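To start, the structure under review is shown below, and the notes come after it.
Only the coordinates and a few stated rules stand behind these numbers; no lab work does. Owing to the predicted nature of the structure, the values given are computational and were not obtained by experimental measurement. Using ideal geometry, Cβ is built from the backbone for each residue, glycine included, and neighbour counts are taken over all protein chains shown.
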Amino acid sequence: MPDTFQILEEQQGEVALLRLHGYLDAHTAAEFESAIQRRVDQGCACIVVDCEKLSYISSAGLGVFMSFIEELREKEGDIRIGGLLPKVRQVFDILGFTEIFQLFDTADAAVTSFQLKEEGDATNV
Amino acid sequence: MRQTFEQSFALHVPSSSENLAMIRAFVSEVAFRAHLGEDESLLLAVAVDEACANVIEHAYGHDATKQVMVRALLDEDAIRFEVVDQGKGFDPSIIEPKDPRQLVKERASGGLGMGLIRRIMDEVVYHIVPGEKNELLMMKRLKKQR
């Protein structure tokens, strides 16, 4: 099928960038959860999820974002989302997730937001 | 005399999460026939997906030998979806939508599905016949086209 699910992973400095393709539902959420858990286990606290190619999300996918954000913020990191298509963003809106998560127009902007924080922290030392 | 039209469609699939994509495609096709746009169509797919995912996980315990049935009824005023199973029933009165902020604090990964269904659809009704079948009926009113 042309629109299943795929994750492409990159590391940009301290930031793990996960690019999602296809649909995130009860069938594919476990793969996404494993990818994030693997990064967390490696000590990464700053995660960007690029949703530009994400065509669909259900509560199972939202639940993955939900289950990690507290842990990452406790570690002074975050999970930030870039490039949501309007049709997918409306699902985040309905549940108030746009108030809970930091959303950016692009994944690059989300990655940059972490890097700016790091530079700010270094300046304040 | 006003002429009304009603169309009905049905899909039966084995109770496996890999079939959720097929269920969503079915919902999208019905939404297309109702002249709904891409955003509205996706939200209907989310509601029906959530209902079916609940059946697959909770009513049938991922037993793919069981069948999930989705019926769609379309008329001039509304689009209705019925999700029917013969699995383990539950008391719908105990399923209350949870506040996503509270779920975040609890680090929960579930608990959002019913809230999504109720926020998307205009009416949500359960019919539980213990030992026989469970039906979740969801209705969305159609905006009048002028």
> What percent does the relative contact order of chain B come to when contacts are Cα pairs within less than 8 Å and at least six residues apart?
Replying inline: 26 percent
> What is the Cα coordinate range of chain B on the first, second and third principal axes, sorted by size from largest, in whole angstrom?
Replying inline: 52, 36, 28
>> Loop-only chymotrypsin sites (Phe, Trp or Tyr not before Pro) in region B:1-76, please: DSSP not H, G, I, E or B, and at most 11 other Cβ atoms within 10 Å.
In response: B:PHE5
>> Output wanted: per-residue J couplings in Hz (rounded whole) for region B:14-19, from phi through Karplus 6.51 cos²θ - 1.76 cosθ + 1.60, θ = phi - 60°, x for Gly and Pro.
In response: x, 6, 9, 5, 5, 8
> For chain A, what relative contact order do you get, as a whole percent, if you take Cα pairs closer than 8 Å and at least 6 residues apart?
Replying inline: 23 percent
> To the nearest 500 deg cm²/dmol, what mean residue ellipticity at 222 nm is calculated for the protein assembly as shown from DSSP H runs of n ≥ 4 alone, each contributing -39,500 (n - 2.57), summed and divided by the residues?
Replying inline: -12000 deg cm²/dmol
> Once label points are set 7 Å from the Cα along Cα→Cβ at both B:TYR126 and A:GLU99, what is their separation, rounded to one decimal in nm?
Replying inline: 2.7 nm
>> Quick check: residue separation of B:GLN67 and B:PHE5 times 0.36 nm, minus the Cα distance between them. What number comes out in nm?
In response: 19.4 nm
> Calculated FRET efficiency, A:THR4 and B:LYS98, Cβ-Cβ r, R0 25 Å, to nearest 0.05?
Replying inline: 0.25
> At a Förster radius of 41 Å, what calculated FRET efficiency corresponds to the Cβ-Cβ distance of B:ALA25 and A:GLU119, to the nearest 0.05?
Replying inline: 0.30
